[in-house]
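Some notes on the structure that comes next.
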Amino acid sequence: MTTLSHSPRRGLTWAVLRLHRVPLWVWAVMVIAGAGGLIWLYELGQEAAPYSRACDGTGMLQCATEMRYGISELRSAQLLAWLSCGIAACAGAALIGRELEHDTVTLAWAQSVSPVRWLAAKLAVPAVALLGGTAVLTLMFRWVWVSGPDGGANRWNSEYFHAAGSVGPAYVLLGLALGALAALLTRRTLPAMGLAVVGIGLAYHLGDRVRSSLWPASEVRGPWDSTLNHVDQLELGVITKSGEHVSGVDCSDQAVPGDLSTCLSDHGAVDFYAEIHPTSHYWPIQLVETGIVLALAAAAVAAAFSVLRRRLP
């Protein structure tokens, strides 16, 4: 009697790969297409770089290439930030919900595959594929963004923050976990996809709302200038003679230094202030939010296994 050359765990992994080879190939094609688009964007950025400082001049034709680059860069950031999370949420719901809906999962469980191992394989295979593809596109987008002209885009904008850092892949894993949990709760594919998309959308929105509070902000004083366009602005205002901070005072239309002094005196203030997150806070906040999102993904996976155990016959 000969022994099997493949372990049951490896056989289950290959079975999942074979069963879902079509969506995996579709995802691979999407990643390759995205990488090709980012290479094109890099070339466009190099073409636009010589004109990046000429757009304040007279001819708008010189700025056409840079404007096209800026729009394409923003669209790329939006696609990478939003589409990858939506795909992950739908994938987690569809890959598991379809088998539960059609009851084909009982066949796998009858072939010496435990429900826990089945769910682990169903999550691990798409997680590796989604995480690998998203990580590649994230690194490429950051390479393109750093190498291209500065079109005035703030690195703290939500789409850029997701597309150019570790937060994006973390949200992809959270979307996959939420999709799996929704599928186990509803045992239906379409409702699970809807719930998962809503869930990852809420998580995305909450992340944007609480991001500025994940790290202590810094205060800078003095007249506001263009350097504040590249930081995360939390609060702008003036400081009164008593030391009170009054936010919301707008002196932006008074650019001449004398006019700024007039603006201060009109409000009984002695200086300007701004609560900001400078560039040095970018990666600490990225890592803190990444850790929180990964913890939420782990909690969703744990909840999915708990639901699976409770629904076993």
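Take the conditions at pLDDT below 90 and either part of a helix (DSSP H, G or I) or within 17 Å of the chain's Cα centre (by Cα) (or both) and apply them to ARG142. Does it pass?
Numbers: at pLDDT below 90: no; either part of a helix (DSSP H, G or I) or within 17 Å of the chain's Cα centre (by Cα) (or both): yes.
Considered against the rule, which asks whether it is at pLDDT below 90 and either part of a helix (DSSP H, G or I) or within 17 Å of the chain's Cα centre (by Cα) (or both), ARG142 comes out as no.
Any chance you could count how many residues in segment 159-198 are among the small types (Gly, Ala, Ser) and within 14 Å of the chain's Cα centre (by Cα)? If you could, list the steps in order and put the result at the bottom.
Of all residues in segment 159-198, those among the small types (Gly, Ala, Ser) come to 163-166, 168, 170, 175, 177, 179-180, 182-183, 192, 194, 196.
Subset that is within 14 Å of the chain's Cα centre (by Cα): 163-166, 168, 170, 175.
So the count comes out to 7.
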**Prompt:** Which one of these is part of a helix (DSSP H, G or I), surrounded by 17 or more Cβ atoms within 10 Å (Cβ to Cβ) and touching a His at 6+ places or on another chain (Cβ under 7 Å): GLY168, GLY133?
**Reply:** GLY168
**Item:** Set VAL270, VAL301: member being more than 18 Å from the chain's Cα centre (by Cα) and not in a helix (DSSP H, G or I)
**Value:** VAL270
**Item:** Evaluation of ILE32 against (1) at pLDDT below 95; (2) hydrophobic (A, V, I, L, M, F, W, C); (3) more than 30 Å from VAL113 (Cβ to Cβ) (one fails), failing number
**Value:** (1)
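The values are calculated or read from the model by the stated rules, or taken from the named source; none is laboratory data. If you're wondering where the values come from, they're calculated on a predicted model, not measured in any experiment. As a convention, Cβ positions derive from the backbone with ideal geometry for all residues, glycine included, and neighbour counts pool all protein chains shown.
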